[in-house]
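K.L.:
I am attaching a structure below and will ask some questions about it afterwards.
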Ligand SMILES: C[S@@+](CC[C@H](N)C(=O)[O-])C[C@H]1O[C@@H](n2cnc3c(N)ncnc32)[C@H](O)[C@@H]1O
């Protein structure tokens, strides 16, 4: 009996997709795992400032696309022409899917922790079927904690809560021992009046600015009262986390 070899069509190798954290602040806050993943990329998507900061680590000749800000979420659509956003999304969708179907490695690079208000988090939902893998990295929260240099959670009964400055507006629960606030769209007066419903006016309030940028990072110790008085004058930059509650001011 003769045996016949049936020619098989090679199975196309599916590529891979990663959402890689560049860390926060200086470029050397990148983890080794993030670096290795970036160096294996065939297509990189990054915001222009992230690209500029990490360009020396990108593989030579790699294709780079602007990752946009909030693509595939409502964030990208706030106050702009949504047809422009749709055009960009269509282009990104097409290019990413084509690259993965060709067996290539697609890397979306994001600053901070992508799962904490990350502008690239929409890629996870849009490309869910491609099983994107997150390579974690340093968040502004980690970098700011390092600057505070004190235990924030050190007994099992302590509570730490994170939200945005606007996120505590309707909060009526037990005030957490430490409240950490991302400051997007900060309104100092409104924030103070909401905080004063939860904490006394002498409660420590700390601003951590530009965490992770060695040359610029700064910590400003205030109380809720002095923040109410001086907050507007401080011209708080975008890169600021606010800590309220059981923070040791003598550190
Ligand atoms: C869109 S969120 C992105 C957060 C990011 N995914 C992370 O993990 O840090 C931006 C907010 O993060 C905080 N932030 C970002 N970079 C910071 C930095 N270097 N220092 C302090 N806060 C920062 C600020 O509250 C800012 O308004």
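Every read-out reported here was derived from the displayed coordinates using simple, explicitly stated rules and does not represent laboratory data. Keep in mind that what you see is a predicted model, and the values were worked out from it rather than measured. Quick reminder, even Gly has a Cβ in these numbers, built from the backbone with ideal geometry, and neighbours come from all protein chains shown.
K.L.:
Quick one: length gained pulling residue 202 to residue 215 fully straight, 0.36 nm per residue minus the C-alpha distance?
P.N.:
Value of the extension gain: 1.6 nm.
K.L.:
Please work out the ratio of the alpha-carbon Rg of the stretch 16-138 to 2.2 N^0.38 Å and round it to two decimals.
P.N.:
0.98
K.L.:
Let me ask something additional. Restricting to Cα pairs below 8 Å that are 6+ residues apart, what does the relative contact order work out to for the chain? Please round to a whole percent.
P.N.:
21
K.L.:
While we're on this one: Sorted from largest down, give the three principal axis spans of the alpha carbons of the stretch 141-245, whole angstrom values.
P.N.:
38, 35, 22
K.L.:
Average projected area of the Cα convex hull of the chain, in nm²?
P.N.:
Average of the hull's projected areas for the chain equals 20.3 nm².
K.L.:
So what is the calculated 222 nm ellipticity per residue for the chain, using -39500 (n - 2.57) for each DSSP H run with n of 4 or more, over all residues, to the nearest 500 deg cm²/dmol?
P.N.:
-7000 deg cm²/dmol
K.L.:
Figure the gain on full extension for residue 187 and residue 31 (residue separation times 0.36 nm, minus the Cα-Cα span) and round it to one decimal in nm.
P.N.:
Full extension from residue 187 to residue 31 adds 52.7 nm.
K.L.:
Can you compute the modelled spin-label distance between residue 77 and residue 225, with each label point 7 Å from Cα toward Cβ, in nm?
P.N.:
Label-label distance for residue 77 and residue 225, simple model: 4.7 nm.
K.L.:
Could you work out how much longer the chain between residue 146 and residue 159 gets when fully extended? Use 0.36 nm per residue separation minus the Cα distance between them, nm to one decimal.
P.N.:
Stretched fully, the residue 146-residue 159 segment lengthens by 2.8 nm.
K.L.:
What number, in percent, do you get for the relative contact order of the stretch 16-138 if the mean sequence gap of Cα pairs under 8 Å and at least 6 apart is divided by its residue count?
P.N.:
With pairs under 8 Å counted, the relative contact order is 46 percent.
K.L.:
Counting DSSP beta bridges in the chain, what percent are antiparallel, to the nearest 5?
P.N.:
45
K.L.:
Then there is this: Considering all projection directions equally, how large on average is the shadow of the alpha-carbon convex hull of the stretch 186-251, in square nanometres? Present the calculation step by step, with values, prior to reporting the outcome.
P.N.:
Numbers: hull surface 18.2 nm².
So the Cα hull casts an average projection of 4.5 nm².
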